[in-house]
Structures are given as structure tokens and as C-alpha cells.
Amino acid sequence: MPHAETPEHARIEASRLRSEHWNRWGPYLAERAWGTVREDYSPWGAAWEYFSHDQARSRVYRWNEDGIGGISDRHQKICFAIALWNGRDPFLKERLFGLSGQQGNHGEDVKECYFHLDNTPTHSYMKCLYKYPQAEFPYARLVEENARRDRTQPEFELPDTGVFADGRYFDVCVEYAKAAPEDILIRITAANRGPDAALLHLLPTVWFRNTWSWGGSEPRPGLRIRDAGAIELDEPYYGQRWLFAEGEPELLFTENESNFRLLWGTPNLHPYVKDAFHDYLVQGRRDAVNPEGKGTKAAAHYSFTIEAGAAATVRLRLTGHAGGADFDGSFDGVFAQRIRDADDFYATVIPGDLTCDGRAVMRQAFAGLLWSKQFYHYVVRRWLNGDPAFPSPPATRQEGRNHEWTHLFNADVISMPDKWEYPWYAAWDLAFHCLPLALVDSEFAKQQLVLLLREWYMHPNGQLPAYEWALGDVNPPVHAWAAWRVYKIEQKRRGKGDRVFLERVFHKLLLNFTWWVNRKDTQGNNVFEGGFLGLDNIGLFDRSQPLPTGGTLEQADATGWMAMYSLNLMAVALELAREDSAYEDVASKFWEHFLYIATAMNNLGPESLGIWDEEDGFFYDVIHLSDGRHLPVRVRSMVGLIPLFAVETIEQRALDRFSGFRRRMNWFIENRPDLTHNVASMTVPGKGERKLLSIVDANQLRLVLKRMLDENEFLSPYGIRSLSRVHREHPFALSWDHAEYRVQYEPAEAVTPLFGGNSNWRGPVWFPLNYLLIESLQRLHHYYGDAFQVECPTGSGQQMTLWEVAAEISRRLSRLFLCCGEGRRPVHGGSESFRSDPYWRDLVLFYEYFNGDTGEGLGASHQTGWTGLVAKLLQQSGV
């Protein structure tokens, strides 16, 4: 390993070597644990209704904990977060509020304003911001107004209620700095942005995840008062810890146990329960907390009246050292040093030639990625069968959701899409997270990719788990691509790639590739089905269900993904063949797979129109009817652009080195022209004598790009739309059996209820597929060189190389987040606060997807997961 460049690099290395456990503590606390599949023990599988936000303050979680701006150890035995009360809310604010999937007019939606501002890979410094209204939080109004609105109307958000008017809110900033791996300094600053003095109750809270109530052998941990401002923690796994609180706040104690009396009308098992601090503070019940000063949940209660424009700061220390907090000594010095360390670290990652605004966006993107780590716990067999101390789940559960995944045993820190709307991992999301993560912590990125291939994640049949709502759903096979890219990123940054990692991933992916071939090519013609492939409502109908027409759907995207998968595995095999020639044989196998798929994509038979439509110059899904006919689904969508992802170049020197691979490749070219005519560029050397493997030839590429780069079709000011805008005036419709199925351009939120209506692939801009298009164009340029140019935008008369086209798409995507001349960021739409308010304008949200016409952020608002790819774009483009 190279010499550590900064103190943070040294901590990363020490953590990798396990000489110091800098990653033992981190932001691993979810922002929502209610309404998840894991907590659903209903007979009907309705997770949102079974465990609601209203119940969460009184009901103990089985699998994960949640909180605001919180941290936990990596096994989530000990948790810390903040709670707040403004003297007006109906209950203590201990967790973020949002609408369930059924309550939102566009699906589930967090209704809070919070921002991830900074974080380092070892979490040696972390900073987040929560905006807490001084008026009563409008819970009911948010529910009622969104229920009143239909799918054609925008969501009603917290700022729309007017609670932030005149700055009548608190900016609550939570910061953490590690003096040592087991010594965490905490600084909480509440600033009154309003014109009048305002009351704030602040309760930094520490508690144990309840692991003891379920009938296992887990011993019960304990908290107790040590002395004024000091709480002693006794946890069987970690031993003793102490939480020191500055000053002499009121220390409150209770148990992390459900309030049976409130929830179910039965006697409580313990006199002190989870919602005791709410009862004590909001209801004025002094007997709600334990007067003996002990329990499994405790809080330090501070009360402030903060003058207009002023701030109050609380300091705490969670440590393994009993000696004390030393608030007057090194405390602030440690914070100052860790902030300098963070600045020094990011100076090695973020290009210095970026604008100040670009650097700030990139830093917040990394912060969001690192804050979105979460301890994720789900043991399917235990979940299906129930716990010994509780009644058995209904019998229907044994044949219900995820019952075929009884091997799955998850109890790890995992990169989440976000920790409120998607507090569960998603396999293809995670693959994209790993690219920007590799820029700051390639070890963690590699661990994540290996983790999903472990035998307690991957199904014995080779399938990867999709997400907890349906582990068996089919996501695009991007794991090999991500592993290959992470390997290359680390190789470039460190000077050497991790061959052991690459080999481990490769062998497991061989099983996954075989699963795809055996399960998703039902006709045996190298054309794949794949289900909805994460693109939700992009099709005429739910592509993971039986077709209303009967027959099968031969998917341009599924087949394109598999061609890409074949080339990814071929590239990895050739890299491994540098040290082990046996991998040449495997590389040849994937070259052969690619040829069969590429041929099938361009010709399904003598009576078929094929997935490639020469007249339209585009790839389409094809319905294969039971009578042998093929019915093209002429929807111009991202489905028809995905075949561009299947592209790889091979250097001549590599062919010279791998003589066995070259010999078998030449045999195919000479003896199977029926398979190689669509990859003729294998016989025509390109720039630098390179060879090209691509589904599209030069003519097809020009035809597809003509549509993709047309601003009246795919090319938005902010990237490539997921559906051509031509379908605004010309929707595609299919009539079948007295029913009509339609696809129409929808640039923003979905109107169709397919998949709950909480995401939309019928027009918005999505980062992951835009990123893959950029990479594909770069690889194609690598072969064709500067001589190959296309018009961009179509009709402009401006010619660009493919590299320049990729750079243009990258600039448009980055433009979503960067300030324009009027101080506006397109991602924030028409918000005046984000445009001009000094306490809002430098804050950035990373949404799930973006309006195809205006760039406004849509869907999940903190999905730094795959939208965090903007950090990679900024790093490589220097916008």
C-alpha cells in the first residue's frame, strides 16, 4: 500500500488492517425502521399499515432502530440520536416523519427538511443539519392535503405549509468527531433563525437495540446514572461505555420496551416503556420515567429559550474511557483537527480546478453517500417462523413474501439508496453507489460488492437478492460492471488493482450468469425476458407479470444487459488471464455468449422484424405470441438505448499476449460469419489497432444517436430522458382483448399507478443509465477516434466526437446541481428559499430522478446512492 497521504488515509489503512477499529462507530442508524417488510408480521403483508409512524414512538423494533442524525456501532447494539420538542408539537420528535406508500399521492415520501453536510470514510468527522419548525409540526395537514391531491398534482411538502415563514425554525446541526476509535465527541448546535425568542427542548438520547425480548439467549444490557451529567452503559459485547453530557442536564431513564397498554390494551411487561420521555415532557407525567436512574434508554434533557438570531450548543462525549469528558480541555481542539483532516482528505479527491460551487456539491454528494450507510438486519427464516417469546406468524406467511429465501441472513453495514424512503439495500442501486464510494474508500466499495455474493445473501441457485419487498425480483445484472469499474478506479488511484477481490467476485458471478441463462431465456434463443428490470413503469404493462396478450416478451433491455454482462465478464477474465492462462478459456466462453446474443438482437428469424427495427433505427421490445408471430412494441424508451451498453474494446497487444483467446476468436470470425457479421469491427482495426465488440455497428450507432441526441426526443437540458418526448403528442397504444394499454411522455411524477406510482421511467432523467451511456460513448470513441462524429444536438449542425458527446451529457447532468447565474439550482425547482435564503441556498438534495424538462428533483429526496454518481462526473469532467 502507498504511504498514507493524510491522517484520514492513515485511519482508512488502519481500519483495513484491523489494527484500529475506526469504522466500529458510524452513521449506521436508519432514518426509518417503521413501515418496512422486516417489521411486518401481518397475515396480509401490508407493511405500511402494520407498523406505522404513530406506533413507532411506543413500539419496539425487532430488527433495526431509527433516529435523527444518529449513530450506532456496526452491530447496532448501542444507538445515539437526538430528540426535540418545541413546546407545541403533539409528541416528542424522535424520528423523521413521512407519508406511507398509500398516503402519498406519488407513493411514500419523507416530509422533513434535513441535509447531510459532511462525512469522512472512517466517520472521524460527520455533520448533518435538521430544520425544526417552531410552530406545531403540521402532521395532519401533510397527510390530508396529499390525500386530497391526485397523481397529476405535485406533492405537498413541508415548506408548502408555511412553517418556515419568517425563519421561524431552528437549524439543528449535529456534529461528531472521533478523538479515537472508541472516543466520540458530539456537538449539537441549535440556531434560532426567526425574529423572536423561542423555546427548544433538546434530548440527546442513548439506548440499546432490543435484542433480549424475542426469546433467544441475548443478555440484557443496562444504563444507569454514574453522577451528574454522566450515564454509564454496560453492554455485554462491548463492555462498559460512558456518555458524558456538558453541564448538569436532567437525566431521564426508561426501558426500550413496547407500551402494550397504549398499543394493544394489555398490561405492560415493564413499568417504564419506550415512549416515556414523550409522556414525561409533553404529557407532564413525572412518573413515566424511572426514578432509580436506570434502564435501557436514557436522555440528557436540556431546555433553552434561544433569542432571535442566537444559538445554543450542547457538548457530549460517548467514550470507552471512564475518566471524564474534558469539555474545557481538548474537546474543541479535536473538532478543529478533524475538520482540518476532512478538508485535507477531500483535497486529494476533489479536483482543485473545480469551481467552489462544484467542489461544494461534490463534497455534499460524498457526505450523503457516507451518511447512507446503515446496519441492516433481516433473517428470513426467523422472520417467517417468528420468535419463541411471541405468537407464531400467520400460516399464510410460509407461502408469502420471500418464503423462497430462507437462507438469507443479513446483519451488516450496507450502503442504502437512502435511509428513509429506501432503508433497505437494492442490488442494482448498490452497484452504482460503489463507483463514487471507490473514490474515497475503495475497501468499503469492494466489501459491499463481495457481501451480496456471500452464501448468506446470494440464493443457492445463483440469483442475487433484489430488495426486501421482493427478494426474488430481477434487477439489471450490473454487479460485474461495478466490480470491474471499482477494480480499475482503485488500480488508477493506488497503482495496483486488487486481483484477489476481482477473482472472488468473478467466481461467484459465474453462478449468477448461469442463473440468468437458465431462468430468463425461456425460448433458448439468446433473447432474454428478465421482468421489469428495475425500470418500473417504463413498459405498456407490468413486465414481471404474465402478458395480457399471452406469450412472452423478448426484451431489448434484458438482452442488452446480458450482452453487457457477457462483455464485462470477458474483460474480467482477460485481466485475470494476465497471471493465470486458464482464464483465457473462460474469456472465450463469454466472447461466444456475446456473439450469440448480438446476433439474436438483430435477427429473431426469417419471419421476424427483430428487436432491431431498421426503419425506425431503434431497438424495441417484441411480444412473441403463442402462434409464432412477433409483435414489436414501438415505444422509444431507454429500453432501446440499453443495447448501447454492450461495448468493449480489446487492445492488439492484449490479443498478442493471449494467444489462446486470439486463436479461438479468429476461428469464430472465419467459420461462423453468421455470428460475427454484426461485429464486423472485430476484423477492422480501429484507433490504435483496437478491436471493437458492440451490438451496434457504425450505421446503427448513428441511427440510435440521431434519436438520442434530439432535444425533441431524448436529449433534455439535464441529461437523457428515459422516454422520448415524441410520445407527448404521439402516445403509443396497444389494444388487446377490449383493453387499451398506453405509454405517454410524463416528464415528472408518474400518472400511472404501476408499481405504486412512486417512481417514473416515462420521461424523467435518471442518473444510473445516463452514467452507463456516458461510459459506452467513451469506449466507442476509444475505438472510432475523432474521425467518427455525430450531430449534437440533432439538427443543430454542430458536429461532435463521441467523447465530446459523452462530455456534453455529463455537463448537462452536473448542471442539475450547480448554481446558474440567478443563484438557482435546477434540482430545487422554483424554490425561493433555495435560491436566495443564506441558510438554504448552499444546501443540496440528491433526488431519485429529475424532471425531463425542468430538471426539478423528484422521488426520494436523499437518494445520494446512485445520484451520488454526480461526484464521479464532477471528478472526471472538471465542470
Quiz item: Would the range 520-533 turn up any residue that is within 20 Å of Trp481 (Cα to Cα) and assigned to a helix (DSSP H, G or I)?
Solution: yes
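What number of residues within the range 447-461 are in a helix (DSSP H, G or I) and open to solvent by 10 Å² or more (accessible area, probe 1.4 Å)? Break it down into steps so the answer makes sense when it comes.
Looking only at the range 447-461, we keep the residues that are in a helix (DSSP H, G or I), and these are 447-451.
Checking which are open to solvent by 10 Å² or more (accessible area, probe 1.4 Å) leaves us with 447, 450-451.
The number of residues fulfilling the criteria is 3.
Say whether the condition of being open to solvent by less than 40 Å² (accessible area, probe 1.4 Å), among the charged types (D, E, K, R) and either part of a loop (DSSP other than H, G, I, E, B) or in contact with a strand residue (DSSP E or B) (Cβ under 9 Å, 6 or more places away or on another chain) (or both) is met by at least one residue in the range 244-254. Before the answer, list the steps.
Within the range 244-254, the subset open to solvent by less than 40 Å² (accessible area, probe 1.4 Å) is 244-245, 249, 251-254.
Still in the list and also among the charged types (D, E, K, R): none.
No, every residue in the range 244-254 fails to be open to solvent by less than 40 Å² (accessible area, probe 1.4 Å), among the charged types (D, E, K, R) and either part of a loop (DSSP other than H, G, I, E, B) or in contact with a strand residue (DSSP E or B) (Cβ under 9 Å, 6 or more places away or on another chain) (or both).
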Per the filter on the range 304-354, residues under 30 Å from Leu437 (Cβ atoms), in a loop (DSSP other than H, G, I, E, B) and open to solvent by 40 Å² or more (accessible area, probe 1.4 Å) are Thr348, Gly352, Asp353
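Restricting the search to the range 294-327, which residues are of a type in the set (Val, Ile, Thr) and within 14 Å of Phe80 (Cβ to Cβ)? Step through it out loud before you land on a result.
Residues of the range 294-327 that are of a type in the set (Val, Ile, Thr), as a first pass: 296, 305-306, 313-314, 319.
Scanning the range 294-327 gives Thr296, Val314, Thr319.
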Here the qualifying pairs (Cβ atoms under 7 Å; residues six or more apart or on different chains; first in the range 584-600 and touching a residue at least 24 places away in the same chain (Cβ under 8 Å) and over 17 Å from Leu655 (Cα atoms); second aromatic (Phe, Trp, Tyr) and open to solvent by less than 40 Å² (accessible area, probe 1.4 Å)) come out as Leu595/Phe668
Counting only residues in the range 106-122 that are open to solvent by less than 10 Å² (accessible area, probe 1.4 Å) and in contact with a Lys or Arg (Cβ under 7 Å, 6 or more places away or on another chain), the one nearest to Arg88 (Cα to Cα) is identified as His106
Residues of the range 862-877 being surrounded by fewer than 24 Cβ atoms within 10 Å (Cβ to Cβ) and more than 11 Å from Met362 (Cα to Cα), in sequence order, are Gln876, Ser877
The correct count of residues that are open to solvent by less than 50 Å² (accessible area, probe 1.4 Å) and in contact (Cβ under 8 Å) with a residue 12 or more places away in the chain in the range 785-804 is 8
Practice problem: Kindly indicate whether any position in the range 356-368 is closer than 16 Å to Val174 by Cα and not polar (S, T, N, Q). | Solution: yes
Flagged in the range 255-281 as open to solvent by less than 60 Å² (accessible area, probe 1.4 Å) and in contact with a Pro (Cβ under 9 Å, 6 or more places away or on another chain), in numbering order, are Glu255, Phe260
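For the range 24-43, which positions are open to solvent by 30 Å² or more (accessible area, probe 1.4 Å) and closer than 26 Å to Cys128 by Cα?
Going residue by residue through the range 24-43, those that are open to solvent by 30 Å² or more (accessible area, probe 1.4 Å) are 24, 41, 43.
Of everything in the range 24-43, just one residue is open to solvent by 30 Å² or more (accessible area, probe 1.4 Å) and closer than 26 Å to Cys128 by Cα, namely Arg24.
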Ala56 vs (1) open to solvent by less than 10 Å² (accessible area, probe 1.4 Å); (2) in contact (Cβ under 8 Å) with a residue 40 or more places away in the chain: all pass except (2)
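Is it true that Asp118 is among the acidic types (Asp, Glu), at pLDDT below 95 and not in a helix (DSSP H, G or I)? Write out each step before concluding.
Details: among the acidic types (Asp, Glu): yes; at pLDDT below 95: no; not in a helix (DSSP H, G or I): yes.
No.
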By residue number, the members of the range 385-414 that are buried (at least 18 other Cβ atoms within 10 Å of the Cβ) and either acidic (Asp, Glu) or not in a strand (DSSP E or B) (or both) are Pro393, Arg397, Arg401, Asn402, Trp405, Leu408, Asp412
Exactly one of Leu471, Leu464 is touching a Pro at 6+ places or on another chain (Cβ under 6 Å), in contact (Cβ under 8 Å) with a residue 12 or more places away in the chain and part of a loop (DSSP other than H, G, I, E, B), and that one is Leu471
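Any chance the range 38-46 includes a residue that's under 20 Å from the mean Cα position of the chain (by Cα) and within 22 Å of Pro221 (Cα to Cα)?
Here is the first cut: in the range 38-46, the residues under 20 Å from the mean Cα position of the chain (by Cα) are 38.
Then keep just the ones that are within 22 Å of Pro221 (Cα to Cα); that gives none.
Checking the range 38-46: not a single residue is under 20 Å from the mean Cα position of the chain (by Cα) and within 22 Å of Pro221 (Cα to Cα).
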Just checking, does the range 506-521 include any residue being open to solvent by 40 Å² or more (accessible area, probe 1.4 Å), modelled with pLDDT of 85 or more and touching a helix residue (DSSP H, G or I) at 6+ places or on another chain (Cβ under 7 Å)? no
Might you check whether a residue that is closer than 21 Å to Tyr302 by Cα and among the hydrophobic types (A, V, I, L, M, F, W, C) occurs anywhere in the range 252-268? yes
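Every residue in the range 539-594 that is assigned to a loop (DSSP other than H, G, I, E, B), among the hydroxyl-bearing types (Ser, Thr, Tyr) and either crowded, with 22+ Cβ neighbours inside 10 Å or within 32 Å of the chain's Cα centre (by Cα) (or both), please. So that I can check it myself, show each step before the final result.
As a first pass, look at the range 539-594 and keep what is assigned to a loop (DSSP other than H, G, I, E, B): 539-551, 555, 577-581.
With the extra rule that they be among the hydroxyl-bearing types (Ser, Thr, Tyr), the set shrinks to 544, 549, 581.
Residue satisfying the conditions is Ser544 alone.
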Exactly one of Arg38, Arg11, Arg18 is under 30 Å from Gly400 (Cβ atoms) and not aliphatic (A, V, I, L, M), and that one is Arg38
Residue hits (the range 630-653; within 13 Å of Asp616 (Cβ to Cβ), open to solvent by 10 Å² or more (accessible area, probe 1.4 Å), touching a residue at least 24 places away in the same chain (Cβ under 8 Å) and in a strand (DSSP E or B)) are Val633
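Return yes or no: is Ile12 touching a residue at least 60 places away in the same chain (Cβ under 8 Å), more than 18 Å from Lys274 (Cα to Cα) and open to solvent by less than 40 Å² (accessible area, probe 1.4 Å)? Can you show your working first?
Numbers: touching a residue at least 60 places away in the same chain (Cβ under 8 Å): yes; more than 18 Å from Lys274 (Cα to Cα): yes; open to solvent by less than 40 Å² (accessible area, probe 1.4 Å): yes.
Here the answer is yes, as Ile12 does meet what is asked.
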Expected output for the range 189-212 (first residue open to solvent by less than 10 Å² (accessible area, probe 1.4 Å), partner among the aromatic types (Phe, Trp, Tyr) and in a loop (DSSP other than H, G, I, E, B), Cβ below 8 Å, 6+ apart or cross-chain) is Asn210/Tyr61
Of the residues in the range 707-744, those that are open to solvent by 10 Å² or more (accessible area, probe 1.4 Å), in a loop (DSSP other than H, G, I, E, B), of a type outside the set (D, E, K, R) and modelled with pLDDT of 90 or more come to Asn712, Pro717, Tyr718, His730, Pro731, Gln744
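May I ask you to list the residues in the range 772-784 that are polar (S, T, N, Q) and open to solvent by 10 Å² or more (accessible area, probe 1.4 Å)? Let's see the steps before the verdict.
Going through the range 772-784, the residues polar (S, T, N, Q) turn out to be 776, 778.
Correct list: Gln778 only.
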Flagged in the range 826-849 as without any contact (Cβ under 8 Å) to a residue 60 or more places away in the chain, touching a strand residue (DSSP E or B) at 6+ places or on another chain (Cβ under 9 Å) and buried (at least 19 other Cβ atoms within 10 Å of the Cβ), in numbering order, are Val827, His828, Trp840, Tyr847
inquiry  = Would you confirm whether or not the range 287-302 contains a residue that is out of contact with any strand residue (DSSP E or B) (no Cβ under 6 Å at 6 or more places or on another chain) and either within 17 Å of Ala245 (Cβ to Cβ) or open to solvent by less than 30 Å² (accessible area, probe 1.4 Å) (or both)?
reply    = yes
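The values are calculated or read from the model by the stated rules, or taken from the named source; none is laboratory data. Predicted, not measured: the structure shown is a model, and the values here were computed from it. Note that each Cβ is placed from the backbone with ideal geometry, even for glycine, and that neighbours are counted across all protein chains shown. We work out accessible area using only protein heavy atoms, side chains counted, and drop any ligands, DNA or RNA first. Shrake-Rupley method; radii C 1.70, N 1.55, O 1.52, S 1.80 Å.
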